[in-house]
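Read the structure below first, then the notes.
Rule-based calculations on the coordinates, nothing more; no lab input. Fair warning: this is a prediction, and the values are worked out from it, not measured in the lab. With ideal geometry, Cβ positions are generated from the backbone for all residues, glycine too; neighbour counts draw on all protein chains shown.
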Amino acid sequence: MGEGADTRKILLLDLDHFFTQVEERDDPRLRGQPVAVGGKPPRGVIATANYDARRWGVHSALSTSIAYQRCPSLVLMPPRMEHYKDVSRQVMEILQRYSDQVEQVSIDEAYLDVTHPLKGPPSGTLIAKAIKADVLSELGLTISVGVSYNKSIAKLCAGQGKPNALNCVRPGAEALAYLAKTAVEDFQGVGPVTAAKLRGMGIRNGKDLQNTPLEKLEQALGKNGVDLGRVARGIDERPVTPERDRKSVSNETTFTRDLHTVDELMHEVLPLADAVERHLTKIRSRGRGVQLKIKYADHTIITRRQTIALPINSADAMCDVVEALLRERVPLDKPVRLIGVGVFDLQEDGVAGAQDALFPQLVPA
Ligand code: TTP
Ligand code: MG
């Protein structure tokens, strides 16, 4: 079976009240008090507040003067950004142990694809538990985790039952039921304006989104409406993309009729690889890996990547790797509707590594 979207294991990890948690860890006298990190009045704002202070209505982006009015006993700490960045790096290092697919999305938040973990048990929930235990024992911090098969559900369920949450939503009926009861404003990208528009159409939750045809959502909200409708139906194929992989060049095409064989597919690959070569020449770069994406007629997607010894930029070299991948690592038991090819892990021509590899005789002994 191919690696369709429904078979992934995705985690979203988000540290609890991050800046204040670090302050409380470093100075235990703060524990049990309402604490915020932020700038001083009259002009300062709150960066974050611990859960005690939140009960008083103190939250991120609130003016600190108002925070003091709401909570006169508030303990205000000045931000120590460099320190929080160091702690953030330490957390990310723990995540890297479990997967090489880590996408940091903010100072205290990251997605992890653990479909093929580097270590740990073969279960998203058990890996989440192991990571939580590492972060707590090594760094003294709690982190909330959502586990599911796509990014949007992982993100939604990570936010529930904070702090120190661990929630899992399984694909299929469980995911659909979970999404059905999610309020529209809890979906990512739905702000007050969109929410009001949806409510005006009688759409209050995921169930209503599931029951509204995508065409209708498109008419009301454009492409975002279609994306929202798909997310509510449990479809979100966005990959977890580590920073290094964002440095890639690729090109894809959807066929006018579905294809079945390696030869048919390779016929389509050449012009794509040519376009990638032209682009690489323009930006004077080479890639140290080749990536292949296949979308089947049933819309499941698989991706395959192959790192290569010498960085390449030629269409011929790309085609060789793609053909090997197609023959060895891609099941062609279903018709294919789209193929994408590209290179990743780019480096500029003339950069030491590329030259060394291409012209080993020039490397001084
Ligand atoms: P968040 O993860 O949004 O918030 P949090 O970690 O404080 O609380 P939660 O338990 O709900 O996850 O943001 C992470 C850090 O980013 C937060 O500790 C402080 C900083 N931040 C700001 O400086 N300004 C802001 O407006 C927000 C939202 C966060
Ligand atoms: Mg957080």
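If I take R0 = 25 Å and measure r between the Cβ atoms of Glu323 and Asp349 in this structure, what FRET efficiency does the formula 1/(1 + (r/R0)^6) give, to the nearest 0.05? Can you show the working numbers first?
On the way: r = 25 Å, r/R0 = 1.01.
Here the calculated transfer efficiency is 0.50.
How long is the gain from Asp298 to Asn211 if the chain were fully straight, where each residue apart is worth 0.36 nm and the alpha carbon distance is subtracted? Walk me through the intermediate numbers first.
On the way: separation 87, 0.36 × 87 = 31.32 nm, distance 2.12 nm.
Gain on extension, Asp298 to Asn211, equals 29.2 nm.
Between Asp274, Asp333, Asp349, find the one with the highest GNM mean-square fluctuation for the chain; connect C-alpha pairs within less than 10 Å.
Maximum among the listed residues: Asp333.
Modelled label-to-label distance, Gln306 and Val262, 7 Å Cα→beta-carbon offset: nm?
That separation, rounded to one decimal, is 1.0 nm.
Ser314 versus Arg170, label points 7 Å from Cα toward the beta carbon: distance in nm?
Label at Ser314, label at Arg170, 5.2 nm between them.
I'd like the trypsin sites (Lys or Arg not before Pro) in the range 103-189 restricted to DSSP loop residues with at most 12 other Cβ atoms within 10 Å, sorted by number.
On the way: sites: Lys119, Lys129, Lys132, Lys151, Lys155, Lys181; in loops: Lys119, Lys181.
In loop regions of the range 103-189 (DSSP not H, G, I, E or B), the sparsely surrounded trypsin sites (Lys or Arg not before Pro) are Lys119, Lys181.
Looking at the chain as a GNM with Cα springs under 10 Å, which of Glu218, Glu328, Glu268 has the largest mean-square fluctuation?
With Cα springs under 10 Å in the chain, the top fluctuation among Glu218, Glu328, Glu268 is at Glu328.
If you take every DSSP beta bridge whose two residues both sit in the chain, what share of them, in percent to the nearest 5, is antiparallel? Show your work: numbers first, answer last.
Working: 47 of 53 bridges.
If we restrict to bridges inside the chain, about 90 percent are antiparallel.
If R0 is 22 Å, what FRET efficiency do you get for Phe255 and Asn224 from their C-beta distance, rounded to 0.05? Before the final figure, lay out each step's value.
Details: r = 27 Å, r/R0 = 1.24.
Rounded to the nearest 0.05, the efficiency is 0.20.
Expected output is a single nm value to one decimal: the length gained when fully extending between Leu136 and Lys40, i.e. 0.36 nm times separation in residues minus the C-alpha distance. What is it?
Details: separation 96, 0.36 × 96 = 34.56 nm, distance 3.08 nm.
Here the segment from Leu136 to Lys40 would lengthen by 31.5 nm.
Taking 0.36 nm per residue of sequence separation and subtracting the Cα-Cα distance, how much length would be gained by fully extending the chain between Arg97 and Thr125, in nm to one decimal?
Taking 0.36 nm per residue and subtracting the Cα distance, the gain is 8.5 nm.
Where q = 0.14 Å⁻¹, what log10 of I(q)/I(0) comes from the Debye formula for the chain, counting one point per Cα?
Here log10 of I(q) over I(0) equals -1.26.
Report the FRET efficiency, 1/(1 + (r/R0)^6), for Val193 and Arg278, where r is their Cβ-Cβ distance and R0 is 45 Å, rounded to 0.05. Could you put the intermediate results ahead of the total?
Numbers: r = 41 Å, r/R0 = 0.92.
It comes out at approximately 0.60.
Can you tell me how the range 114-158 classifies by the Cα gyration tensor, rounded, prolate or oblate, using a/c under 1.5 as the rounded cut?
Here the range 114-158 falls in the oblate category.
Can you give the net charge of the other residues whose Cβ lies under 14 Å from the Cβ of Arg31, counting K and R as +1 and D and E as -1?
Details: positive: Arg25, Arg29; negative: Asp16, Glu23, Glu24, Asp26, Asp27, Asp52.
Cβ neighbours under 14 Å give a net charge of -4.
To the nearest 20 debye, what charge dipole does the chain have about its Cα centre, counting +1 at the Cβ of each Lys and Arg and -1 at the Cβ of each Asp and Glu?
Details: 48 positive and 47 negative charges, 273 e Å.
Here the chain has a charge dipole of around 1320 debye.
Hydropathy first: keep DSSP H helices in the chain averaging at least 0.0 on Kyte-Doolittle, then drop any whose Cα extent along the axis falls short of 15 Å, and list what survives. Could the numbers behind the result be given before it?
Working: long enough: 81-98 (27 Å, -0.92); 124-139 (22 Å, 0.83); 262-282 (29 Å, -0.06); 315-329 (20 Å, 0.19).
Within the chain the helices that satisfy the rule are 124-139, 315-329.
Report the Cα centroid-to-centroid distance between the range 78-123 and the range 226-281 in angstrom, as an integer.
27
For a quick check, take a GNM of the chain with Cα springs below 10 Å and name the residue from Val35, Val322, Val193 with the largest mean-square fluctuation.
Between Val35, Val322, Val193, it is Val193 that shows the largest mean-square fluctuation.
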